[in-house]
Amino acid sequence: MDVLAGADFFTVEVLTWRGLITYYILFFIEIGSRRVSLGGITRHPDSCWMEQVGRNATMEDAGYLSRCRYLLHDSDTKFCSEFREALAAGGIKCLALPARSPNLNSYAERWVRSAKEQCLSRLILFGEHSLKRAISNFLEHFHQERNHQGKGNLLLFPTGAFPSPTQGTGVRCRERLGGLLKYYSRAA
């Protein structure tokens, strides 16, 4: 499980001066650790963009797929030959899944559902910057503050930094995105 990663796209509608625009979000999830990395956000995921994402993902020290050997992805045409070749040059074998089989990439599908239900569907996003801010805040919440039932109901990558509790309470609260995402813990 530690050498497997999943990749997928999902779309988000963002309000701009020109009206609603669809953005494509590419992410990678390490199956063993459940660490999610954002591959990129774009309006047009063409082959040049995908090739660059593949190079970024396999960079020797900074690549988010450096610990993985296999990448699961669906049969979407966005996962083009240039993308697969860039990953192969970095030592990662792409495994295209059969059509209409979301269960085979279930961790990635579940992360999309969590991101949309807990964050993106509750916000009105104005421009690409607000989309990036919402996604990055949700990623931090997912990694550091959200309990994961599949991992023994523990935090994936906890941090010790907390705001000081208010006067007279024994519970601390960390809020993100104006209180949309909250994490509570007991004060020492």
Worksheet, complete the sentence: Which residues qualify? For L97, with a placed amide H closer than 5 Å and at least 5 residues away or on another chain, they are H73, D74, S75
Worksheet item: Can you give the translational diffusion coefficient of region 4-151 in µm²/s, computed by Stokes-Einstein from the Kirkwood radius over Cα pairs at 4 °C and 1.567 mPa s?
Response: 82
Worksheet item: Among R34, R122, R67, which one shows the biggest mean-square fluctuation in a GNM of the chain, springs joining Cα atoms closer than 10 Å?
Response: R122
Response to the item:
GNM on the chain, Cα springs under 10 Å; top mean-square fluctuation among D74, D46, D61 goes to D61
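If neighbour count is taken as other Cβ atoms inside 10 Å, put V171, V36, V3 in order from fewest to most. Write out the running numbers ahead of the final one.
Values: V171 10, V36 22, V3 13.
In order of increasing Cβ crowding within 10 Å: V171, V3, V36.
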Discussion item. With θ taken as phi - 60° and the coefficients 6.51, -1.76 and 1.60, list the Karplus ³J(HN,Hα) couplings across region 100-115 in order, rounded to whole Hz; mark glycine and proline as x.
Written reply: 6, 9, x, 5, 6, 10, 5, 5, 5, 5, 5, 5, 4, 4, 4, 4
Worksheet item: So how tilted is helix 47-57 from the main axis of the chain? Cα-based, degrees 0 to 90, rounded to 10.
Response: 60
Worksheet entry | Sequence of L155, L131 once ranked by neighbouring C-beta atoms within 10 Å, starting from the fewest | L155, L131
Discussion item. Just to check I understand the Karplus step: with θ = phi - 60° and J = 6.51 cos²θ - 1.76 cosθ + 1.60, what whole-Hz values come out for region 17-30, glycine and proline as x?
Written reply: 5, 8, x, 6, 10, 8, 10, 9, 10, 9, 9, 10, 10, 6
Fill in: Share antiparallel - DSSP beta bridges, the chain, percent rounded to 5
75
Response to the item:
Per principal axis, largest first, the Cα atoms of region 40-127 extend in Å by 40, 31, 25
Worksheet item: Considering only N103, L26, N56, whose Cα is most displaced toward the positive end of the charge dipole of the chain, charges sitting on Cβ of Lys, Arg (+1) and Asp, Glu (-1)?
Response: N103
Discussion item. Can you tally the lysine pairs in the chain where the Cα-Cα distance is under 22 Å and the two residues are eight or more apart, or on different chains?
Written reply: 8
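Bear in mind that the values in this text are calculations on the coordinates, not laboratory data. Because the structure is predicted, anything quoted here is derived from the model rather than measured. Positions of Cβ are backbone-derived with ideal geometry, glycine not excepted, and every protein chain shown enters the neighbour counts.
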